[in-house]
Each structure stands twice: as C-alpha cells, then as structure tokens.
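Chemist: Got a structure for you, written out below as structure tokens; questions coming shortly.
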Amino acid sequence: MSHDHADHGHSHSHDDDAAWKHDGVRVVAANQLDANTAQTPGMNRAAAINFARVGAQKLWAGTVTIHADAKTGAHHHGHLESVIYVVRGRARMRWGEKLEFTAEAGPGDFIYVPPFVPHQEINASATEPLECVLCRSDGEAVAVNLDIEPVEKPESVLWVDPTHPHGGV
C-alpha cells in the first residue's frame with residue numbers, strides 16, 4: 001500500500017509507517033522537560049525540543065521561568081535567533097552593549113532576539129513569576145553569560161514594525 005502526498009512531493013510505502021511510528025511526531029509532556037540545559041543566573045530554562053531529546057536539527061524549544069522581582073544576568077545566544085512568547089507575567093527586556101535599551105512585553109506578546117545581541121530578561125512584577133516559551137534556531141542550546149556594567153537609566157524603546165511604524169507597546 002502506497003500513500004502519496006502530492007502536495008509535498010513525498011511518498012512513502014506501508015513499510016515506512018512502522019518507522020514513522022517512532023520517528024514521526026513527538027509529544028513531550030509538561031512534566032518531562034529537561035532542566036539539564038544551558039542556564040543563565042536568575043532564570044530556569046527547561047528544554048522540551050532539542051537534538052538530544054527528539055533529534056531536532058534546526059531548532060530548540062522549551063520554557064523559561066523568572067521568579068518574582070528577579071532578573072537574569074546579561075548574556076547572548078551566539079549565532080542563534082531567539083523568539084520568546086510571554087505566557088504569564090510581564091517581561092522587561094534590556095539589550096545593548098551596556099544594556100542601554102529597554103522594552104516590555106506581556107501575555108500573548110512575542111519578543112525577537114537577534115544573534116549575538118547582549119540582553120537581560122527582567123520580571124517586571126514583584127509578586128508573580130514570569131513564564132515564557134522560548135524557541136531558538138538550532139537544536140543545541142547556546143548561552144554565553146556576559147560581565148556587563150549596565151547603564152543606570154536605559155532608554156525606553158517602542159517595538160516598531162510595518163504594522164506599528166511609530167511604535168507599539
């Protein structure tokens with residue numbers, strides 16, 4: 001029996017179905033996340049999807065929690081691009097050579113961090129944890145912790161994109 005997937009240009013035989021049973025879709029349960037990943041002081045990262053866990057070649061995904069009234073150390077993620085999705089709480093991001101820029105994001109917001117950008121995540125709440133989902137553009141975690149003396153008062157920056165050319169929250 002052959003299954004054709006003309007819309008993707010792929011086909012496979014019935015024999016492939018047995019391999020796909022274990023090499024196809026993977027579900028990683030919330031209680032199976034792996035905290036044995038690159039860490040930065042002030043946060044707890046846990047891997048869900050990476051090369052070691054599921055064989056992911058081009059991405060890393062997991063969670064990050066920053067405790068109430070806490071902040072991370074300054075760091076960057078080498079050549080990787082990162083996307084942070086805020087699930088709960090209020091994130092204050094600082095970035096730049098002296099962490100001189102800042103912006104905030106709340107539940108439902110996405111944050112993009114380009115390669116090699118020094119940054120710091122801050123939980124803007126003194127009482128509630130900040131919980132986020134994190135995705136990176138490689139199957140292995142990279143976190144380069146930095147020793148940066150931050151500026152006293154960072155400059156507030158609005159997110160600017162084609163939909164919000166004058167900046168948004």
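Chemist: Residues of the range 32-56 being open to solvent by 40 Å² or more (accessible area, probe 1.4 Å) and closer than 17 Å to residue 78 by Cβ, which ones?
Modeler: 39, 51
Listed here are the residues, each with its yes/no results for (1) farther than 17 Å from residue 142 by Cα; (2) at pLDDT 95 or above; (3) more than 15 Å from the chain's Cα centre (by Cα); (4) acidic (Asp, Glu).
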{"site": "48", "(1), (2), (3), (4)": "no, no, no, no"}
{"site": "54", "(1), (2), (3), (4)": "yes, no, yes, no"}
{"site": "57", "(1), (2), (3), (4)": "no, no, yes, no"}
{"site": "78", "(1), (2), (3), (4)": "no, no, no, no"}
{"site": "87", "(1), (2), (3), (4)": "yes, yes, no, no"}
{"site": "90", "(1), (2), (3), (4)": "yes, yes, yes, no"}
{"site": "97", "(1), (2), (3), (4)": "yes, no, yes, yes"}
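Chemist: Can you confirm whether residue 69 is more than 30 Å from residue 151 (Cα to Cα) and surrounded by fewer than 16 Cβ atoms within 10 Å (Cβ to Cβ)? I'd like the intermediate steps shown before the answer.
Modeler: Numbers: more than 30 Å from residue 151 (Cα to Cα): no; surrounded by fewer than 16 Cβ atoms within 10 Å (Cβ to Cβ): yes.
Judged against the criteria, residue 69 is not a match.
Chemist: Still on this structure: Does residue 149 meet the test of being part of a loop (DSSP other than H, G, I, E, B), at pLDDT 90 or above and not β-branched (Val, Ile, Thr)?
Modeler: No.
Chemist: Just to verify a result, which residue in the range 106-134, among those that are free of Cβ contacts under 8 Å to residues at least 60 places away in the same chain, assigned to a strand (DSSP E or B) and closer than 26 Å to residue 58 by Cβ, is most open to solvent (accessible area, probe 1.4 Å)?
Modeler: Top of the filtered list is 110.
Chemist: Filtering the range 131-146 down to residues that are at pLDDT below 80 and within 18 Å of residue 116 (Cβ to Cβ), which residue is farthest from the chain's Cα centre (by Cα)?
Modeler: By that ranking, first place goes to 140.
Chemist: Separate question: Just to be sure before I move on: is residue 65 over 30 Å from residue 156 (Cβ atoms), under 17 Å from the mean Cα position of the chain (by Cα), among the hydroxyl-bearing types (Ser, Thr, Tyr) and at pLDDT 80 or above in the structure I sent?
Modeler: Here the answer is no, as residue 65 does not meet what is asked.
Chemist: Show the residue pairs that are 6+ apart or on different chains and have beta-carbon atoms under 7 Å apart, the first residue being within the range 66-77 and of a type in the set (Lys, Arg), the second being assigned to a loop (DSSP other than H, G, I, E, B).
Modeler: Hits for this filter: 71/42.
The values are calculated or read from the model by the stated rules, or taken from the named source; none is laboratory data. Worth saying up front: this structure is predicted, and the values here are computed from it rather than measured. Cβ atoms come from the backbone with ideal geometry, glycine included; neighbour counts cover every protein chain shown. Protein only, heavy atoms only, side chains kept; ligands, DNA and RNA dropped before computing areas. Shrake-Rupley method; radii C 1.70, N 1.55, O 1.52, S 1.80 Å.
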